1. Could you work out the equivalent-ellipsoid semi-axes for the stretch 98-249, taking the square root of 5 times each eigenvalue of the Cα gyration tensor, largest first, in whole Å?
2. Got a number for carbon plus sulfur as a percent of the stretch 69-115's accessible area, 1.4 Å probe?
3. For Lys148, give me every one of the aspartates and glutamates with a C-alpha distance below 14 angstrom, ignoring sequence neighbours fewer than eight places off in its own chain.
4. With every protein chain kept in place and ligands, DNA and RNA left out, what is the accessible area per residue of the stretch 22-113? Probe 1.4 Å, answer in Å².
5. About the Cα centre of the stretch 151-237, what is the dipole size in debye to 20, counting +1 per Lys and Arg Cβ and -1 per Asp and Glu Cβ, all else neutral?
6. I need the GluC sites (Glu not before Pro) found in the stretch 158-249, filtered to DSSP loop residues with at most 13 other beta carbons within 10 Å of theirs.
7. Could you work out how far apart the two model spin labels at Gln162 and Ser249 are, taking each label as a point 7 Å from the Cα in the direction of the beta carbon, and quote it in nm?
8. How about Lys118: which aspartates and glutamates have a C-alpha closer than 12 Å to its C-alpha, ignoring those fewer than 8 places off in the same chain?
Amino acid sequence: MMKQLFIKSAVVCCPDRELLSHFNLPGSDIDNSFIPAGIRRRTSMTTRMAITAAKLACLQANTDPQNLASVFASLGGEIQVTDALCRLLPDDNELLSPTQFHNSVHNTTAGYWGILNKCQAPTTAIAAADDTFAMGLIEVWAQLQQGKGERLLVCYDELWPQYLAPPIGQTAFACAFVLSSEAEQAIGAITMPQVAQQYKQDMQAEWLKLAETAPAAAVIPLLLAVQHKQVGLVPLNIKAPVWACQFKS
């Protein structure tokens, strides 16, 4: 079994820049130039945000996205589009858009990523509630056990209508990593995520609050470890059982 997974890049895209200031994390606004206008007008903010993070992560790692297999992890996927369609269904006077339907499925963003990059490599879309980021890492880990290679991991959550599942959905947040089985050009490394039976480290209050409203923000401790080269145990979610991995610089 592979002993560690190497991080080649780590990028955040968050429309609320003030939010990131609590953690002194650099982040990017949504970059619409990554999606041609003809396609962009059919996409949600969620897809544009996740694709911005994914594209910047590939650029940072100097990796060609056309040949890169990927894992897209999100608790809700395209909740706003799905909710809008569900509210229209009972009204016989409303016409449902086929375009909006294919924008409502959980692998919408992954599909657009493949189209935009002419990528025929495998793409996986997952959701696992509070454990979504940890399960995304485990999925990448499992795939790379087959041999040498790289994977793109994108974790994202959007703004939700607040009558659905408060407090989830109060913050839009996306991040992306290029992860590799090889140490070349790595900015850090992690061990395989496992349940941390003895985890005692105090969790930062601002992070706990944020991750409750945007489960994708569970990545923040790992992002901070990468930024500060802080070796040690890193939590990957906020609710028991706590998943964690060891970060090594």
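The values are calculated or read from the model by the stated rules, or taken from the named source; none is laboratory data. All values derive from a computational prediction rather than experimental measurement. Cβ atoms come from the backbone with ideal geometry, glycine included; neighbour counts cover every protein chain shown. The area values use the complete protein model at the heavy-atom level, side chains included, leaving out ligands, DNA and RNA. Shrake-Rupley method; radii C 1.70, N 1.55, O 1.52, S 1.80 Å.
1. 25, 23, 13
2. That fraction is 59 percent.
3. Within reach: Glu182, Glu184.
4. Values: 4570 Å² over 92 residues.
The answer is 50 Å² per residue.
5. Details: 4 positive and 7 negative charges, 31 e Å.
So the magnitude is around 140 debye.
6. Details: sites: Glu158, Glu182, Glu184, Glu206, Glu212; in loops: Glu158, Glu182, Glu184.
Here the sparse-neighbourhood loop sites are Glu182, Glu184.
7. The modelled label-to-label distance comes out at 4.0 nm.
8. Within the straight-line limit of under 12 Å, Lys118 reaches these aspartates and glutamates: Asp64.
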